[in-house]
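Heads up: the structure comes next, in structure tokens.
The values are calculated or read from the model by the stated rules, or taken from the named source; none is laboratory data. Keep in mind that this is a model prediction, so the values were computed, not measured. Cβ atoms come from the backbone with ideal geometry, glycine included; neighbour counts cover every protein chain shown. Protein only, heavy atoms only, side chains kept; ligands, DNA and RNA dropped before computing areas. Shrake-Rupley method; radii C 1.70, N 1.55, O 1.52, S 1.80 Å.
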Amino acid sequence: MDTSPMTPFTTPFLPWPKKQHYQEIPEDGNLERYQEALSKDLDYIFSHTNYEESLAGNLPLPDLLKDPETGIAITEPSQWPALRQKHLANLERILYGALPPLPQKQQVEVLQEKEVFQGTALLRLLRLTLENQGKIHQATLLCYIPRRPYPVPAIIALNFQGNHACTQDPDVPVSPWPQLAANPRGAQANRWDFRLLCDAGCAVITCAYYDFYPDHVLGRPQSVYQLFHAPQELTPKNREFTAISAWAYGYSRLRETAAALPEIDPAQLWAHGHSRLGKTALWTIAHDDQWAGAISNCSGCGGAALSRRNYGEALECVDHVLSWWTTGNCRPYAEHPETLPFDQHTLLAMAAPRPVLVTSAKEDQWADPMGQFLAVREAQKAYRFLGKPGLPSSEYPPLGTLLMSPCQGYYERYGIHDVTNEDWQNTLRFIHQSR
């Protein structure tokens, strides 16, 4: 692989003036012109995306151990927390935004509980209610918990299509979100091998990601931010309130809920996410030190994949097309990623010394598997600086091979952008060897 420094971003992002389409949405919320303009932009972007490794460019990465302001390198592990805070502040200011504050009240109600899997596990439905200044926000949690005589680890992950789409169980209610209620029961059950995980002694707790931020340009007023802000502060232009930080906030509220369950080991709670939620899992663990570790599945750009590469999805595409994911400060950096004071290896290093597994798929080149591996490999500098092992090899692993140490893991499997049984098997292997 050619890693010589060069400027890879030579093709114009768009051949016509790039407009911030979200700023032109009328007050009545009519999205017809917005969607038409974005579709035109996306058609061009998809047809001009680079998938040639020789053209990726691989611009030099910022040194994790150097102060982004002074350029001075730290020399002792005791200096890492202060430097880490500077990196975290840059990630928050430029890319992800700040997480909402804690609510004034938080309570959990059991809605349903029954035995499943021939009595070897419990299915439990919980309602999480957050309250602040007289306003409430609710989420419904679907829990599969193995019956063991001791507390078990738990994987916590948001889902895309609603709890009812994760399972064929008829007792799991259909999502109250109209956009998710249309999904058939069990539509994504192939992504959730609850039986496998419970048989392995691992609980799973999930809820719909819409419960914390509806994933569209008009989602802010219905998101968890509504607890803390008036509707007029939650327009498409209020990009400081991002979906990724709202989802990360949801992950931490689920972690707190799981930690209070008697069947769960509070020291073994793992944040798991696929795609945009894989980005979120990494941002979650960066902000919340109570997680045992994280698994980022096919997270791509803005997740584990480096932005200083011209390969697959670009940060400029994320910022332009999915404006509610990133802050308003992101645009100039997305247009010139070489000016970022960080790259995604920095995000991965924010978890150190806790373990992180990054996964990718052969047919998911949009998410840049090589860019994800290079970020993992570069992040190991932080782990080794803190006295923890990095990857066992610096070479890209063969397809289907899990390259892992107790603190870092990476693999690329055959297949598409998805969560598969193989992913869960490797997740269990990684969690087991990291405990």
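Okay, residues lined up against (1) open to solvent by 10 Å² or more (accessible area, probe 1.4 Å); (2) within 21 Å of Phe385 (Cβ to Cβ); (3) aliphatic (A, V, I, L, M):
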site	(1), (2), (3)
Val318	no, no, yes
Val321	yes, no, yes
Arg331	yes, no, no
Pro337	no, no, no
Asp343	no, yes, no
Leu347	no, yes, yes
Ala351	no, yes, yes
Ser360	no, no, no
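Quick check on Asp28: is it open to solvent by 90 Å² or more (accessible area, probe 1.4 Å) and part of a helix (DSSP H, G or I)?
Against the criterion (open to solvent by 90 Å² or more (accessible area, probe 1.4 Å) and part of a helix (DSSP H, G or I)), Asp28 does not qualify.
Are any residues in the stretch 369-412 within 17 Å of Gly312 (Cβ to Cβ), in contact with a helix residue (DSSP H, G or I) (Cβ under 9 Å, 6 or more places away or on another chain) and open to solvent by less than 10 Å² (accessible area, probe 1.4 Å), and if so, which ones?
Passing the criteria: Gly371, Gln372, Ala375, Val376, Tyr410.
For the stretch 180-202, does any single residue satisfy the condition of being more than 29 Å from Asp265 (Cβ to Cβ) and buried (at least 22 other Cβ atoms within 10 Å of the Cβ)?
Yes, the stretch 180-202 contains at least one residue that is more than 29 Å from Asp265 (Cβ to Cβ) and buried (at least 22 other Cβ atoms within 10 Å of the Cβ).
With the structure loaded, tell me whether Ala98 is crowded, with 22+ Cβ neighbours inside 10 Å and either within 19 Å of Leu261 (Cβ to Cβ) or aliphatic (A, V, I, L, M) (or both) or whether it fails that test.
So Ala98 does not fit the description; no.
Got a number for residues in the stretch 166-178 being out of contact with any helix residue (DSSP H, G or I) (no Cβ under 7 Å at 6 or more places or on another chain) and surrounded by 15 or more Cβ atoms within 10 Å (Cβ to Cβ)?
Adding up the residues that qualify gives 1.
Condition first: within 14 Å of Leu102 (Cα to Cα) and either touching a Cys at 6+ places or on another chain (Cβ under 8 Å) or at pLDDT below 95 (or both). Now tell me which residues in the stretch 246-261 satisfy that.
Gly250, Leu254
With the structure loaded, tell me whether Asp193 is farther than 23 Å from His137 by Cβ and out of contact with any strand residue (DSSP E or B) (no Cβ under 7 Å at 6 or more places or on another chain) or whether it fails that test.
Here the answer is yes, as Asp193 does meet what is asked.
Out of (1) open to solvent by 30 Å² or more (accessible area, probe 1.4 Å); (2) not in a helix (DSSP H, G or I), what's the single condition that is false for Ser307?
Only one criterion in (1) open to solvent by 30 Å² or more (accessible area, probe 1.4 Å); (2) not in a helix (DSSP H, G or I) is unmet by Ser307, namely (1).
Mind telling me which of the residues Leu65, Leu61, Leu38 ends up being in contact with a strand residue (DSSP E or B) (Cβ under 7 Å, 6 or more places away or on another chain) and in contact (Cβ under 8 Å) with a residue 60 or more places away in the chain?
Leu65
Would you check if Leu59 is at pLDDT below 95, touching a Lys or Arg at 6+ places or on another chain (Cβ under 6 Å) and either part of a helix (DSSP H, G or I) or of a type in the set (A, V, I, L, M) (or both)?
yes
Output the number of residues of the stretch 217-265 satisfying the condition of being open to solvent by less than 10 Å² (accessible area, probe 1.4 Å), out of contact with any Ser or Thr (no Cβ under 7 Å at 6 or more places or on another chain) and of a type in the set (A, V, I, L, M).
7
From Gln268, Gln290, which residue is out of contact with any Asp or Glu (no Cβ under 7 Å at 6 or more places or on another chain), part of a loop (DSSP other than H, G, I, E, B), under 18 Å from Ile155 (Cα atoms) and open to solvent by 10 Å² or more (accessible area, probe 1.4 Å)?
When all the criteria are applied, what remains is Gln290.
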